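Only the coordinates and a few stated rules stand behind these numbers; no lab work does. Values in this document were obtained by computation on a predicted structure and should not be read as measured data. Note that we place each Cβ from the backbone using ideal geometry, even for glycine, and neighbour counts take in every protein chain shown.
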Amino acid sequence: MKRSVEEHAGRFDEKAAEYDDGGSPEYEACRDLVVAHAAPGSDETVLDLGCGTGAIALALAADAERVIGRDVSEGMLEQARRKAEEAGIENVEFAEGSFRSPNVGDEVDVITSNFAMHHVDDAAKREAIEVIAGLGARKLVLGDVMFFGHPDPEEPYYSPAVDDPATVGTLAEAFTDAGFALTAVERVHDQVGVLVGERV
Ligand SMILES: C[S@@+](CC[C@H](N)C(=O)[O-])C[C@H]1O[C@@H](n2cnc3c(N)ncnc32)[C@H](O)[C@@H]1O
């Protein structure tokens with residue numbers, strides 16, 4: 001891991017107030033694809049891991065019965081709670097939780113994660129996907145920095161000093177090993193994509 005979980009939390013605490021000002025077209029495309037593929041039922045619970053300021057969780061709230069947002073950065077969570085309150089969204093709950101320990105008591109139906117898992121190394125990603133599988137979700141939608149070709153730090157989205165993206169192949173193997181069949185692969189950019197896994 002290039003940075004510890006605590007270091008990432010601190011980095012995002014510092015960025016939290018301005019985080020929503022800086023979305024690129026590829027980030028927005030990835031976010032929209034995650035929301036579209038998640039498609040929860042009105043009686044379903046969604047867990048969004050690495051929820052940040054709530055981009056995915058808040059977008060899914062109208063469709064789901066309940067949305068749980070988890071993140072390691074209290075600063076990002078504060079922004080997410082503020083946005084939920086301002087929008088009058090009452091079926092979303094934001095609290096501390098990580099990929100390793102999501103801090104979720106109940107079973108969930110759909111798990112999403114957008115632009116967050118590349119902060120942990122491949123072994124931790126594999127562990128996270130196994131933890132996710134243990135929560136009983138029928139679907140996992142992962143949008144993130146991921147390599148469709150050769151890693152290129154000169155191209156956007158990959159900063160080797162802080163990021164640990166995986167290849168699409170590595171992620172696909174982790175999905176299938178954890179019991180999710182890969183049902184969609186969306187390439188947004190050579191270093192950004194969305195994978196959808198459904199329980200077999
Ligand atoms: C680039 S932001 C993405 C936020 C949001 N998902 C979005 O689409 O805008 C990455 C988020 O991942 C969180 N994060 C980093 N490492 C994490 C970990 N191990 N567990 C949970 N969240 C983590 C950060 O605190 C940050 O809020």
Antiparallel DSSP beta bridges within the chain, as percent of all bridges there, nearest 5: 45 percent
Added length on full extension, which subtracts the Cα-Cα distance from 0.36 nm per residue, Ala36 to Ala95: 18.8 nm
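Which translational diffusion coefficient, to the nearest whole µm²/s, is obtained for the stretch 40-90 from the Stokes-Einstein equation, given a Kirkwood hydrodynamic radius over C-alpha pairs, 10 °C and 1.306 mPa s?
It diffuses with D of about 148 µm²/s by this estimate.
At 222 nm, what value in deg cm²/dmol follows for the chain if DSSP H runs of at least 4 each add -39500 (n - 2.57) and the sum is divided by all its residues, to the nearest 500? Mind showing how you got there, number by number?
Values: 6 runs with 68 residues, N = 200.
Computed ellipticity for the chain at 222 nm equals -10500 deg cm²/dmol.
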Of Thr170, Asn103, Val5, farthest towards positive along the dipole that unit charges on Lys, Arg, Asp, Glu beta carbons give the chain: Thr170
20 Å reach of a label modelled at Ala184, 7 Å along Cα-to-Cβ, counting backbone N of the stretch 42-56: 42-51, 55-56
Cut-off under 5 Å, modelled amide H: who pairs with Phe147 long-range: Ala166, Thr167, Val168
Normalised contact order of the chain, rounded percent, pairs of Cα under 8 Å and 6 or more residues apart: 21 percent
Cα-centre dipole for the chain with unit charges at Cβ (Lys and Arg positive, Asp and Glu negative), debye to 20: 320 debye
Principal axis dimensions, the chain - Cα atoms, whole angstrom, descending: 44, 40, 29
